[in-house]
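Report on one structure; see the data block that follows.
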Amino acid sequence: MGFRPMTVETVTSEAAGDPYILIVDDDQALRAMLAEGIRHVGYRIGEAESAEQALALIATQQPKPDLVLIDVHLPGMSGIELACRLRVGSEVPFLFISCDSDMALAKLAAEYGSLAYLVKPLKFEQIAPAIESALSRAEELRQMRLRETQLDAALSQGRETSIAVGVLMERLRIGRKAAFERLRGTARSQRRSIGEVARELLETAETANGRQAGRDGGSQTTPD
């Protein structure tokens, strides 16, 4: 029982940019059922019968899966351990499928980062919406990580940008991410660099502080 190679149908859909779903389950009949149903709605499909096989596939194949469906109870390395490795090593999103409806296990799956927990026996009517929702959530998380990376890069490269973010945080009583997004949004709308907008903001802030200091000094009286 080995990995099913990519078919002509899969390669054809890959050219269209359809999401790639990897199914990891040692039940060959279930894999075939899931693969047929998921392929029917337009997704590309890969299959693995063990966690070890899935990791080897993810390490060597491009592009990486957009989502991995993992059976919790796999022979050898468990589905939980596979999820841990995906979360730490590749950031490939995943959801669990299991014959166990234990709420404690479902809660554990969520803590490990699973985007959904589906209980066997599975009906495709419940799988398709779960995949759609998981892909949407995975994209949201990817965009969030991208923004965090951009923020860290901008703050590490530009002292003025970092200071400007701090000014906005204090002035607007918002967090660092929100302040950076405000700064970046202004730069995009004005078609300028973030650095230019940051320098202008700091110059405006310095001017305002100077005026305030002058008013404060003028209001003071000299004792007789």
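Points to keep in mind about this one:
- In segment 1-23, residue modelled with the lowest pLDDT [restricted to those that are in a helix (DSSP H, G or I) and buried (at least 17 other Cβ atoms within 10 Å of the Cβ)]: Thr10
- Among the criteria (1) more than 20 Å from the chain's Cα centre (by Cα); (2) under 17 Å from Phe96 (Cα atoms); (3) outside any helix (DSSP H, G or I), the one Ala54 does not fulfil is (3).
- Residue list for segment 57-92, restricted to those being polar (S, T, N, Q) and part of a helix (DSSP H, G or I): Thr60
- Residues considered: Ala106, Ala83, Ala138. Of these, the only one that is over 20 Å from Arg31 (Cβ atoms), in contact with a Phe, Trp or Tyr (Cβ under 6 Å, 6 or more places away or on another chain) and not hydroxyl-bearing (Ser, Thr, Tyr) is Ala106.
- Failed condition for Asp26, given (1) closer than 18 Å to Leu141 by Cβ; (2) at pLDDT 90 or above: (1)
- Filter result (closer than 12 Å to Pro75 by Cα and assigned to a loop (DSSP other than H, G, I, E, B)) within segment 24-51: Asp25, Asp26, Asp27, Glu49, Ser50
- Checking segment 86-98 against the condition returns a match, with at least one residue being modelled with pLDDT of 85 or more and more than 21 Å from the chain's Cα centre (by Cα).
- Residue within segment 59-68 that is in the same structural domain as Ala138 (by TED's automatic domain parsing), among the aliphatic types (A, V, I, L, M) and touching an Asp or Glu at 6+ places or on another chain (Cβ under 7 Å) present: no
- Criterion (free of Cβ contacts under 8 Å to residues at least 12 places away in the same chain and not small (Gly, Ala, Ser)) met by exactly one of Arg188, Arg145: Arg188
The values are calculated or read from the model by the stated rules, or taken from the named source; none is laboratory data. Here the structure is a predicted model, which means the values were calculated and not measured. Positions of Cβ are generated from backbone atoms using ideal geometry, with glycine treated the same way; all protein chains shown enter the neighbour counts.
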